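Structure, as structure tokens:
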């Protein structure tokens, strides 16, 4: 009987530790929703900081760390899409470092998750974008490996095909890029976005707007 009570106590403690309070859910929902309409560099930066503050208060929750990593990676992507001379690899490397630090904390709490490996792919790509000619051999394989792992963990993750499609979209044809192949991947991502149902309102569902944008750019 005592043994049973001890086990029950441990289980209840575990449930309490992982419980999602109304305050936490409210803070997360507002920021997760904002991701659907965020495009600017400073806005992504602010969202990343918001999620980091939530993570600091909710150290047992992996999602705030994960979302902070996503937003920081997208901050770097947005910066690197600016006009030449307006950014440097030093800036994007610093952003990648912060994103990776957040993602490492998320992975400490959530092992073998497809979403985390998608962001690892994003970070490797961001580092490569700092100087593609000299960094491809280092970060190209890292990005491919992370995306392959993400797909193996969840073949129905729409963000996997979104990221594959972006690679095909941006890569020159002589190096394996293809707009028609990108379109096929984006269309698959859209179907998975439409059919997938996140477990909660704060589980990952971001990216559909980006896929729709890329599809609009492919004639």
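The values are calculated or read from the model by the stated rules, or taken from the named source; none is laboratory data. Keep in mind that this is a model prediction, so the values were computed, not measured. Neighbour counts are summed over all protein chains in view; Cβ atoms, including those assigned to glycine, are modelled from backbone coordinates with ideal geometry.
For segment 113-134, which positions are surrounded by fewer than 17 Cβ atoms within 10 Å (Cβ to Cβ) and either within 12 Å of the chain's Cα centre (by Cα) or in a helix (DSSP H, G or I) (or both)? 132, 133, 134, listed by residue number.
Mind counting the residues in segment 88-112 that are farther than 24 Å from residue 154 by Cα and either at pLDDT 95 or above or part of a helix (DSSP H, G or I) (or both)? Of the residues in segment 88-112, 10 are farther than 24 Å from residue 154 by Cα and either at pLDDT 95 or above or part of a helix (DSSP H, G or I) (or both). Scanning segment 198-218 for residues that are over 14 Å from residue 162 (Cα atoms) and surrounded by 18 or more Cβ atoms within 10 Å (Cβ to Cβ) returns a single hit, 202.
Where residues in segment 153-176 are part of a loop (DSSP other than H, G, I, E, B) and at pLDDT 95 or above, which of them is surrounded by the most Cβ atoms within 10 Å (Cβ to Cβ)?
First, the residues of segment 153-176 that are part of a loop (DSSP other than H, G, I, E, B): 154-157, 171-172, 176.
Cutting the leftovers down to at pLDDT 95 or above gives us 154-157.
On the way: 154: 18, 155: 11, 156: 12, 157: 22.
Among residues in segment 153-176 that are part of a loop (DSSP other than H, G, I, E, B) and at pLDDT 95 or above, the one surrounded by the most Cβ atoms within 10 Å (Cβ to Cβ) is 157.
In the set (1) assigned to a helix (DSSP H, G or I); (2) in contact (Cβ under 8 Å) with a residue 24 or more places away in the chain; (3) closer than 25 Å to residue 43 by Cα, the condition left unmet by residue 150 is number (3).
Inside segment 163-197, residues that are free of Cβ contacts under 8 Å to residues at least 24 places away in the same chain, within 19 Å of residue 81 (Cα to Cα) and touching a helix residue (DSSP H, G or I) at 6+ places or on another chain (Cβ under 7 Å) make up a count of 3.
For segment 64-82, the count of residues that are under 20 Å from residue 166 (Cα atoms) and free of Cβ contacts under 8 Å to residues at least 12 places away in the same chain is at least one.
Please tell me if residue 70 is crowded, with 19+ Cβ neighbours inside 10 Å and either at pLDDT below 95 or under 27 Å from residue 127 (Cβ atoms) (or both). It is true that residue 70 is crowded, with 19+ Cβ neighbours inside 10 Å and either at pLDDT below 95 or under 27 Å from residue 127 (Cβ atoms) (or both).
Taking segment 73-98 as the range and being crowded, with 16+ Cβ neighbours inside 10 Å and farther than 17 Å from residue 124 by Cβ as the test, the residues that pass are 78, 87.
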